[in-house]
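The structure appears below as structure tokens.
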Amino acid sequence: MPQDDFGRLTDPDHWLGWLGDDPAGAVRKGIEESLRAQVADAVVEWVKILEAPRFLTGGRRHAEDQQVMLVTRAALAASFALSVRTARHGRSILLGVFSWVAVNLSSPEVRKDRHWFDLGAGLDWAGERLEERIYEIDGAEDTAER
């Protein structure tokens, strides 16, 4: 049976600190949560990230030190193949893109995260959606953290 392969997620030299100490584990958990929201007994058997993800990171200069940049929002879109098993449907192989957006990263007490699970979508399409999604999560009118 294939095994998890998140090498393409962590290969690019891109900051993933917003995902915690284990970015691969965080993405796997996000994928599992997305599937379980649809089918409660879904069990992910394996996940493979197929291509280098698309990333988007936004920030602002620190008020007291203009040399310091505070990351305020971040996003990724990662194409995947996975195997999922459910009691009703058995095993299925799914292809698509998992996207994750987090905002208010400089203020953890009001941080917001959102996932998208786009089955059959291509990475280029999902990558193009990141910019709208990164502002959609908190409303396009809120520019305080942009």
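The values are calculated or read from the model by the stated rules, or taken from the named source; none is laboratory data. Note that the structure is a prediction, hence the values are computed from the model and not measured. Neighbour counts run over all protein chains shown; Cβ positions are idealised from the backbone, glycine included. To get the accessible areas, we keep the full protein, side chains included, count just its heavy atoms, and leave off ligands, DNA and RNA. Shrake-Rupley method; radii C 1.70, N 1.55, O 1.52, S 1.80 Å.
What the table below lists for this structure:
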read-out: 10 Å binning of all Cα-Cα separations within region 5-49, expressed as whole percents from 0 upward; value: 26, 48, 23, 3
read-out: Net charge over other residues, Cβ less than 15 angstrom from the Cβ of residue 21 (K, R count +1; D, E count -1); value: +1
read-out: Highest-MSF residue in the chain out of 102, 74, 121 [GNM, Cα springs under 10 Å]; value: 121
read-out: Charge context of residue 122, other residues only, Cβ under 14 angstrom, K/R +1, D/E -1; value: -2
read-out: Whole-number percent relative contact order across the chain, with pairs defined as alpha carbons under 8 Å at least 6 apart; value: 21
read-out: Residue 1 paired with residue 85, simple spin-label distance in nm, labels 7 Å along Cα-to-beta-carbon; value: 0.5
read-out: Options 70, 57, 26, ranked by Cα towards positive dipole end of the chain, top entry (Cβ charges); value: 26
read-out: Debye, to nearest 20: dipole size of the chain, +1 on Lys, Arg Cβ, -1 on Asp, Glu Cβ; value: 420
read-out: Percent carbon-and-sulfur accessible area, the chain, ignoring ligands, DNA and RNA, probe 1.4 Å; value: 47
read-out: q = 0.15, 0.17 Å⁻¹: log10 I(q)/I(0) that the Debye formula gives for the chain, counting C-alpha atoms only; value: -0.77, -0.96
read-out: Per-residue [θ]222 nm for the chain (sum of -39500 (n - 2.57) over DSSP H runs n ≥ 4, rounded to 500); value: -7000 deg cm²/dmol
read-out: Alpha-carbon centroid distance for the pair region 30-55 / region 90-108, whole angstrom; value: 8
read-out: Cα-based helix-to-principal-axis angle, 123-136 vs the chain, degrees rounded to 10; value: 50
read-out: Degrees separating the helix 23-38 axis from the principal Cα axis of the chain, which is the longest one; value: 60
